[in-house]
């Protein structure tokens, strides 16, 4: 049951994350849609494409199977964090080595990150791993707040810079 859910979750996250790349533009640049969609080509904005579908999958999954798995929320939270870290580390490593970003590699790294995150969550759920779900909920909430807040009040650091326009945020 857990394995089936995680496979479905990975497919769901890949599809929804791909769609979220375009929802801000398709919405006529709606400021509400901006809070959960990519508003530019920065690494930070692309992390939204991973975070929000994985968060939604976590919430749905909790009511579907998670109530019966003591470490469900914590496992999914660690999967989300691992996925985001993979994207950040992989992107800056490969672009640092070759000196430029390649769209195909960026897209592939998104799908790999989703699979890695869901696999990690699965392995933790079926293990004896114990953690505090309240702390996990707080961490997810802080990340959520940061995504929304930094969409409108964007720090002027590299991860937030749109490499196409050299602008930050909306």
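Observations
- Estimated from the Cβ-Cβ distance and a Förster radius of 25 angstrom, the FRET efficiency linking residue 56 and residue 149 is about 0.80.
- 222 nm mean residue ellipticity, helices alone, for the chain (DSSP H n ≥ 4; -39,500 (n - 2.57); rounded to 500): -24500 deg cm²/dmol
- Highest mobility in the GNM of the chain, judged by mean-square fluctuation with C-alpha springs under 10 Å and restricted to 82, 108, 34, is found for 108.
- Springs join every pair of Cα atoms under 10 Å in this Gaussian network model of the chain, and among 131, 14, 74 the largest mean-square fluctuation is at 131.
- Within the chain, the ratio Rg/Rh, alpha carbon atoms throughout and Rh by Kirkwood, equals 0.98.
- Maximal additional length on extending the residue 164-residue 126 stretch stands at 9.4 nm, based on 0.36 nm per residue less the C-alpha distance.
- Candidates 97, 60, 115: whichever shows maximal mean-square fluctuation once the chain is modelled as a Gaussian network with Cα springs under 10 Å: 97
Values in this text are rule-based calculations from the coordinates and carry no lab data. Nothing here was measured: the structure is a model prediction, and the numbers come from that model. Using ideal geometry, Cβ is built from the backbone for each residue, glycine included, and neighbour counts are taken over all protein chains shown.
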